[in-house]
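Worksheet: one structure, shown below.
Every number in this text was worked out from the coordinates using simple rules, so none of it is lab data. Keep in mind it's a predicted model, so treat the numbers as computed, not measured. We place every Cβ from the backbone using ideal geometry, glycine too, and count neighbours over all the protein chains shown.
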């Protein structure tokens with residue numbers, strides 16, 4: 001994110017004691033962050049998610065016949081430790097019970113030998129039955145249960161592998177899905193067409209709800225598209241009944257399965273993953289194994305070995321626990337750390353910044369990717385989120401990398417220039433930017449019966465558009481047509497109350513914290529109503545302790561917007577906006593926010609933040625980025641002190 005310029009009208013903080021306290025907090029945070037840098041120059045914080053990652057890992061290993069007692073018991077300890085008092089599991093710390101997560105966690109504990117008569121298991125089963133039982137879970141959970149004979153494949157929606165043949169201009173083709181969804185759906189077409197059943201060593205009869213309980217039907221009967229897709233699903237089921245029993249397999253089906261397998265294998269990364277994230281990784285391994293790829297085949301072997309790098313083992317008083325990261329974020333963490341340390345006053349030629357920047361440049365992606373389906377003439381040049389996800393660079397990481405590299409005295413390299421060209425080419429038709437693709441906005445796929453969980457398309461969002469506008473403005477393109485169109489997109493996206501929706505962070509605080517600095521960087525004057533409305537919204541939602549917080553329930557319930565327990569990361573996001581906007585009211589509020597950060601800082605320089613503030617799928621899947629609690633507060637403290645001339 002861009003530093004606040006000297007031209008920003010801001011009242012300098014006046015309280016010398018408060019300034020000294022903020023300066024000490026900055027020094028501690030800076031030193032702590034420097035101490036976390038790896039020898040190669042990068043930073044990486046843990047990405048904590050819910051227990052479905054760990055439950056599904058055990059189910060995958062059960063399916064493949066490779067589950068060990070050590071893995072099972074260590075994962076079960078972690079899963080059991082996250083159970084709520086009522087017996088359920090939530091999707092984020094402090095969240096409400098989630099039925100599908102609870103069912104998957106329960107099955108994993110049964111695999112680990114937990115008796116259904118045990119108190120914690122009885123409580124879980126009772127809550128599951130009360131919520132509708134297995135029948136009320138989302139489609140993906142019922143797919144897992146169908147794999148083990150606890151749900152009928154006939155009662156699941158059909159997506160045939162022949163989908164792979166649809167051209168990119170045809171509705172419902174695989175490139176209409178967001179990159180994370182298409183990489184999941186393609187292997188699932190194989191799994192669901194082959195309909196394997198590997199019986200569990202136990203029954204889940206205790207999870208069946210009584211007659212009359214809620215069902216999993218998502219679309220109401222009066223919905224026109226619901227009727228259309230239910231009719232289509234009936235036809236696809238009829239097609240499956242025709243094609244699946246044929247011996248030998250119908251040539252068209254055999255060819256489709258082969259094409260899907262080729263598509264999957266072509267997208268495996270060097271470390272064995274698919275897309276650097278858990279869902280396509282798991283389903284790709286199962287799909288290829290069903291097609292005859294043995295456990296010793298290089299593709300399968302590399303995929304299973306790659307999971308080890310995403311696995312965290314930890315000793316606890318109750319024994320060793322094992323948990324799986326859904327993703328890893330070294331590029332994102334590193335570019336944010338560079339910006340934070342620069343904000344904290346490190347010179348551009350500081351060894352830590354130079355080594356980090358060299359590593360970032362070495363991670364530039366120069367090869368082809370699915371994004372070229374919509375932008376075939378665009379030359380590659382950008383960064384992914386992960387160590388290995390070379391098929392899927394993303395706009396957000398690329399924008400932040402541009403901002404970070406401009407802070408470092410690195411010498412000659414062409415990565416930034418290529419990234420800027422790539423960012424310009426990835427602008428969508430409406431003027432905004434999305435994360436992975438341009439113009440991935442066809443909403444028809446969202447109406448499929450398969451899509452009852454998570455985002456399945458990748459339209460432009462305020463936070464990604466803001467980061468891109470800010471990066472392009474920092475590169476001297478503030479007056480360009482692309483930036484002007486991006487600014488117009490952001491102005492139109494402002495909520496009536498003055499905030500912006502946060503797609504990849506929680507939520508309106510994140511969106512507003514990203515957009516205000518970007519608009520200022522692009523030349524919008526701080527006194528304009530669009531900025532002052534945002535400032536007023538932030539001030540109105542500041543907690544009495546001086547911090548900001550927003551509960552993840554704001555994605556489903558607008559009444560939660562800007563409301564929640566204060567966190568270090570969300571406080572920092574609000575501060576970044578207030579400091580960019582300036583003005584007496586903003587700076588007074590910012591002073592209280594800085595005081596909150598100083599008062600809640602740990603002795604070692606970081607902050608405690610058990611609450612999740614990152615977003616995977618709004619309303620469904622969330623992330624606790626363990627480095628957010630450090631990098632964003634450090635940036636905020638540095639900019640606050642910089643406005644007063646107090647940074648070292």
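Rounded, prolate or oblate: which one fits the stretch 23-170, using the alpha carbon gyration tensor with axes a ≥ b ≥ c (rounded when a/c is under 1.5, else prolate when a/b beats b/c, else oblate)?
It is oblate, given that a/c is not under 1.5 and a/b is not larger than b/c.
Can you bin the stretch 489-636 into rounded, prolate or oblate? Criterion: square roots of the alpha carbon gyration tensor eigenvalues sorted a ≥ b ≥ c, rounded for a/c under 1.5, prolate for a/b above b/c, oblate for the rest.
Oblate, because a/c is 1.5 or more while a/b does not exceed b/c.
At 7 Å along the Cα-to-beta-carbon direction for both residue 557 and residue 266, put a label point, then send me their distance in nm to one decimal.
4.7
Give the shape of the stretch 225-271 as rounded, prolate or oblate, defined through the alpha-carbon gyration tensor: a ≥ b ≥ c are the square roots of its eigenvalues, a/c under 1.5 means rounded, and otherwise the shape is prolate if a/b is larger than b/c and oblate if not.
Oblate.
Got the relative contact order for the stretch 52-324 handy, in percent, Cα pairs under 8 Å and 6 or more residues apart?
Worked out over the stretch 52-324, it gives 22 percent.
Got the relative contact order for the stretch 308-457 handy, in percent, Cα pairs under 8 Å and 6 or more residues apart?
21
Mind checking the full-extension length gain between residue 152 and residue 242? Use 0.36 nm per residue of separation minus the Cα-Cα distance, one decimal, nm.
Extra length available between residue 152 and residue 242 comes to 30.6 nm.
So how tilted is helix 298-307 from the main axis of the chain? Cα-based, degrees 0 to 90, rounded to 10.
For 298-307 against the chain, the angle is about 50 degrees.
Please give the peptides 432-439, 321-328, 467-474 ranked by average Cβ packing (other Cβ atoms within 10 Å per residue), highest first, as a rough proxy for protection.
Listed from highest to lowest mean packing, they are 467-474, 432-439, 321-328.
Per DSSP H run of n ≥ 4, the term is -39500 (n - 2.57); total these for the chain, divide by its residue number, and report the mean residue ellipticity at 222 nm rounded to 500 deg cm²/dmol.
The per-residue figure over the chain is -15000 deg cm²/dmol.
How do the peptides 31-41, 593-603, 629-639 rank, highest first, by the average count of neighbouring beta carbon atoms within 10 Å per residue?
629-639, 593-603, 31-41
Please arrange 192, 260 by how many other C-beta atoms lie within 10 Å of their C-beta, fewest to most.
192, 260
(1) 0.97; (2) 1.05; (3) 1.25: which one is Rg/Rh (Cα atoms, Kirkwood Rh) as calculated from this entry?
Here the calculated entry is (1).
Quick check: residue separation of residue 349 and residue 198 times 0.36 nm, minus the Cα distance between them. What number comes out in nm?
48.5 nm
Pull out the extension gain between residue 211 and residue 484, defined as 0.36 nm times the separation in residues minus the alpha carbon to alpha carbon distance; nm, one decimal.
Result for the pair: 92.5 nm of gain on full extension.
Out of every Cα-Cα pair in the stretch 441-480, what percent are more than 14 Å apart?
So the pairs more than 14 Å apart make up 60 percent of the total in the stretch 441-480.
Please compute, for the alpha-carbon atoms of the stretch 56-108, the extent along each of the three principal axes and give them in descending order in Å.
Computed over the Cα atoms, the extents are 34, 18, 15 Å.
Taking Cα centroids, how far is the stretch 438-454 from the stretch 506-585 in Å?
30
Measure nothing but the geometry: give the 0 to 90° angle between the long axis through the Cα atoms of 224-243 and the longest principal axis through the Cα atoms of the chain, rounded to 10°.
Tilt of helix 224-243: around 50 degrees.
Using only the alpha carbons of the stretch 52-324, what is the convex hull's orientation-averaged projected area in square nanometres?
15.9
If packing is taken as the average count of other Cβ atoms within 10 Å, what order do 581-591, 157-167, 456-466 fall into, highest mean first?
Ranked by mean Cβ neighbours within 10 Å, highest first: 456-466, 581-591, 157-167.
How far is helix 278-290 tilted, in degrees, relative to the longest principal axis of the Cα atoms in the chain, given as a value from 0 to 90 rounded to the nearest 10?
Approximately 30 degrees, to the nearest 10.
Let me check against my output: what whole-number percent is the relative contact order of the chain, with C-alpha pairs under 8 Å and at least 6 apart?
Reported relative contact order: 19 percent.
Sticking with the crude label model, points 7 Å out along Cα→Cβ, report the distance from residue 603 to residue 118 in nm, one decimal please.
3.7
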